[in-house]
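For reference, the structure is listed below as structure tokens.
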Amino acid sequence: MEKNRTVQRKKVRKKGGPKLKFKFGTVFGIFFLSFFFCFLIYMINVNTNDAFLEEEFGTSLTSSDSDESDGSSDVNSADTAKPDEENSKSSNPVPQSAKSEDSYFSGCSLITDSTLAGISGFGFAKETVFGGTDYNLAAVTNLKQDSSFGNLSPYEIIKQKKPSALYLMFGAEIETTEVDAVISEYSKLINSFKSAVPDMKIYVMEFPPVIYDTDELSNEKINDFNSKLITMCNDAGIYCIDTNTALKSESGKLDEKYWSYETLSLSEEGCNKVVDYILTHVVQ
């Protein structure tokens, strides 16, 4: 009889699929590349679409850049901001004030064309008045003259002298030059003085009326010029005093008592009237 055989079968282990090995470097690389491409797309959108930030986050890149630019665009205007703000608080023309002492003129200088050239000795000392028939707005920076500071232009002398107040009267040029062109040159001169002596008060005096209108120079033209002078002064943050009205008659022309037919300029009474008007229109 045949013996029973015990057949032992070895268990066959099933072979599985290949194992997936975890590599940290590969995952990090995929993450880095994904982040890089997303960042690249984001930057392209920001730089090519001005409204992208506003659409996504309610923020505008252009506005912030503009604000930053506005604050640092002009150093000179920032330096003179405080004087301008202070001066702008006063209305122009300057209202009447308590009369100052005659000694007030010791700290003042005056630059003018032929209109007020004869006012030295009437309040203003001779060495503090710069003016004459050769003076116009351009001459203030170009015309040299002897002074205690040397042979300099009125502009250079004022820079050295640094008066507490500077008075300006120009306007004869409108007889031959367009009003707007004269205002433009006047404005440039004002800005130069403001930069050179920022603590100095600047008073622009309105141009006086004429006795007789001519085709080249009429009281209507003068009134238009003076109106634009006030606007110029308001924009620059300086002072304007209405010497035109002070010298005007009821007819709207220059009062004859303020005119000298001998010198063809303001009379002694006219100069005294201007001096008195200055003393009663001082900003403290």
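Pairs of Cα atoms nearer than 8 Å and 6+ residues apart set the relative contact order; for the range 87-279 it is 24 percent. Using θ = phi - 60° in the Karplus curve 6.51 cos²θ - 1.76 cosθ + 1.60, the 3J(HN,Hα) couplings for the range 219-235 round to 5, 5, 5, 5, 4, 5, 4, 5, 4, 6, 4, 4, 4, 4, 5, 4, 5 Hz; x is entered for Gly and Pro. Couplings 3J(HN,Hα) of the range 132-138, computed from phi: x, 5, 8, 8, 9, 4, 5 Hz, in residue order, whole Hz [Karplus 6.51 cos²θ - 1.76 cosθ + 1.60, θ = phi - 60°; x for Gly and Pro]. For residue 130, the residues whose amide H sits under 5 Å from its own are 110, 111, 112, ignoring neighbours fewer than 5 places away on the same chain, with H placed 1.01 Å from N. Amide H contacts for residue 265 (H built 1.01 Å from N in the peptide plane; partners 5 or more residues away or on another chain; cut-off under 5 Å): 260.
If we count every other residue with Cβ under 14 angstrom of residue 259's Cβ, Lys/Arg +1 and Asp/Glu -1, where does the sum land?
-1
Separation of the alpha carbons by more than 29 angstrom is noted, of 161/221; 126/194; 201/248, for 161/221. Counting Lys and Arg as +1 and Asp and Glu as -1 over every other residue whose Cβ lies under 13 Å from the Cβ of residue 140, the net charge comes to -2.
Sequence-ordered 3J(HN,Hα) estimates for the range 257-271 from the Karplus curve with 6.51, -1.76 and 1.60 and θ = phi - 60° stand at 5, 9, 10, 10, 6, 6, 9, 6, 8, 4, 6, 4, 5, x, 5 Hz, glycine and proline given as x. Can you give the percent of C-alpha pairs in the range 84-233 whose distance is more than 21 Å? Considering the range 84-233, 45 percent of its Cα-Cα pairs are separated by more than 21 Å.
We did not get these values from a lab; they are worked out from the coordinates using the rules stated. Everything numeric here is computed off the predicted structure, so don't read it as measured data. Quick reminder, even Gly has a Cβ in these numbers, built from the backbone with ideal geometry, and neighbours come from all protein chains shown.
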